[in-house]
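Visitor: Would you mind keeping the following structure in view while I ask a few things?
Just so you know, all these numbers are worked out from the coordinates, no wet-lab data involved. Small disclaimer: the values here were computed from a predicted structure and weren't measured. Every residue, glycine among them, receives a Cβ derived from its backbone with ideal geometry; neighbour counts consider all protein chains shown.
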Amino acid sequence: MTWIYLNNHFVEEEAAMIHVSDRGFLYGDGLFETIRIENGLPFLLEKHYERLTEGAEFLHIPMPLQLDDVRDIALELVRRNNRPCAALRIELTRGAGGRGYTPPATASPTLILSLYETSPVNRQGPGTTSAFVSELFHLHPAKIQLFKTNNKLVQVLAAMEAARHGFSEAILTDTNGYAAETSSGNLFWIRDKTVYTPPIQSVILPGITRALIIELCNRLDIPCREGQITPADLLKANAVFLTQSVSGIKHITQINGVKSGISPVLTELWHAYCNHLKAVCNPV
């Protein structure tokens, strides 16, 4: 039996239903966050909640719960599902409403919290993945990119394109041809012991783990800068990696079938990430 939280109630997943006119289903009119659960505790929940509430304000969707309420629900889901290691997904939509793009003034938000299985963090080193530079899909500057909205068709199609070529991730470029992010995370590269990541500039999602890696670099006195790079020049970097909320750091070992390097800086960052995760998610 799997339990989820749906609009003020804990219900069995098989019995959970939303209205056919829910605007999240009809128009992608909503937001989501995915959060790692480690040792039964949500990791960086405050940062995810902050981004969710900022996105809800931008979309003019009322936020039904306060941070403490979300934390309590997450802990109860962990208890009911007996999943101390999991991924927590928070889904917020505008709720059910009539047809047409203009939402009704009286729409009541739909809020869903659910847990999914995930692998434990590998303490020996970051996970690995391969990447394909998308030839078809690009990211366009838009303020909506700053929030994790339900509109992820570009990422879906780019990931499908990568899979057709035998790769796990897609690297998306901006309209100027610079590498911007991957289909599922933020992009980093290491060159001459300096860590780089593309600037936000309203074209990439300001990832929660992205911000943590920048913070860890500052703590470790590792130079970290925002910069631009072409996909071809990524192969000249000492190492390339991506960050995600659930898996943390993934080393991109191949780009378009060409092997990329490894750097002791990446190993140092990985250990710092694991230590931070352990310190934050340490049950009292």
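Visitor: For a Förster distance of 22 Å, can you work out the FRET efficiency between the beta-carbons of Tyr101 and Ser202, rounded to the nearest 0.05? Please list the in-between numbers first.
Guide: Values: r = 22 Å, r/R0 = 1.02.
The pair Tyr101/Ser202 has a calculated efficiency of 0.45.
Visitor: Which whole-number percent gives the relative contact order of the chain, counting Cα pairs below 8 Å spaced six or more residues apart?
Guide: 19 percent
Visitor: A follow-up question, please. Could you tell me which trypsin sites (Lys or Arg not before Pro) in the stretch 209-261 are loop residues by DSSP with no more than 13 other beta carbons within 10 angstrom of their beta carbon?
Guide: Those satisfying the criteria are Lys236.
Visitor: Additional query: Can you bin every Cα-Cα distance in the stretch 52-112 into 10 Å intervals starting at zero and give me the percent of pairs per bin, rounded to whole numbers?
Guide: Binned Cα distances yield the sequence 19, 43, 26, 12, 1.
Visitor: Another question about this same structure. Would you kindly derive the ³J(HN,Hα) couplings of the stretch 176-182 from the backbone phi angles with the Karplus curve 6.51 cos²θ - 1.76 cosθ + 1.60 (θ = phi - 60°), listing them in order in whole Hz, with x for Gly and Pro?
Guide: 9, x, 8, 4, 10, 6, 9
Visitor: Which of the three applies to the stretch 140-180, rounded, prolate or oblate, going by the alpha-carbon gyration tensor with a ≥ b ≥ c and a/c under 1.5 meaning rounded?
Guide: Oblate, since a/c reaches 1.5 and b/c is not below a/b.
Visitor: While we're on this one: Would you work out if the stretch 1-125 is rounded, prolate or oblate? Take a ≥ b ≥ c from the square roots of the eigenvalues of the alpha-carbon gyration tensor; rounded if a/c is under 1.5, else prolate when a/b is larger than b/c, oblate otherwise.
Guide: Since a/c reaches 1.5 and a/b is larger than b/c, the shape of the stretch 1-125 is classed as prolate.
Visitor: If you plug each phi of the stretch 17-33 into the Karplus form 6.51 cos²θ - 1.76 cosθ + 1.60 with θ = phi - 60°, what whole-Hz ³J(HN,Hα) values come out, in order, with x for Gly and Pro?
Guide: Once rounded to whole Hz, the list reads 9, 10, 5, 5, 9, 4, 6, x, 6, 6, 10, x, 7, x, 9, 8, 9.
Visitor: When percent of Cα pairs over 28 Å apart is calculated directly from the model, which label among [x] 32; [y] 40; [z] 56 fits?
Guide: From the options [x] 32; [y] 40; [z] 56, the structure gives [y].
Visitor: Show the residues, 5+ positions off or on another chain, whose built amide H is closer than 5 Å to the amide H of Ala180.
Guide: Close amide H contacts, sequence-distant or interchain: Leu172, Thr173, Asp174.
Visitor: Further question on the same structure: List, in the order given, every pair from Lys236/Lys259; Lys193/Lys236; Lys148/Lys250 whose Cα-Cα distance in the structure shown is over 18 Å.
Guide: With Cα atoms farther than 18 Å apart: Lys148/Lys250.
Visitor: May I pose another question? Report, ordered by chain and residue number, the aspartates and glutamates lying within cross-link reach of Lys47, taken as a straight Cα distance under 14 Å and ignoring same-chain residues fewer than 8 apart.
Guide: Glu33, Asp68, Glu215
Visitor: Would you grab the residues whose amide H sits under 5 Å from the one on Gly127? Only those 5+ places off in sequence or on another chain, please, with H modelled 1.01 Å from N.
Guide: Ile249, His251
Visitor: Springs between alpha-carbon atoms under 10 Å, Gaussian network over the chain: tell me which of Ala107, Ala56, Ala87 tops the mean-square fluctuations.
Guide: The residue with the greatest mean-square fluctuation here is Ala107.
Visitor: Right, something else. Along the charge dipole of the chain, which of Ala158, Gly127, Pro109 sits closest to the positive end, that is, farthest toward it, with unit charges on the beta carbon of Lys, Arg, Asp and Glu (+1, +1, -1, -1)?
Guide: So the residue we want is Gly127.
Visitor: Right, something else. Rounded to the nearest 0.05, what FRET efficiency is calculated for Val11 and Lys152 with R0 set to 22 Å and r the Cβ-Cβ distance?
Guide: Given R0 = 22 Å and the Cβ-Cβ separation, E is 0.30.
Visitor: So what are the radius of gyration and Dmax for the Cα set of the stretch 206-284, in Å?
Guide: Values for the stretch 206-284 (Cα only, Rg and Dmax): 13.7, 48 Å.
Visitor: Bin all alpha-carbon pair distances of the stretch 127-280 at 5 Å intervals from 0 and give each bin's fraction as a whole percent.
Guide: 2, 10, 20, 24, 22, 14, 7, 2, 0
Visitor: A further question on this structure: I need to check one value: relative contact order of the stretch 3-117, counting alpha carbon pairs closer than 8 Å and at least 6 residues apart, in percent.
Guide: About 37 percent, as a whole number.
Visitor: Under the definition of Cα pairs under 8 Å and six or more residues apart, what whole-number percent is the relative contact order of the stretch 127-280? Don't jump to the answer; show the numbers that get you there.
Guide: Details: 295 pairs, mean separation 40.5, N = 154.
Result for the stretch 127-280 is 26 percent.
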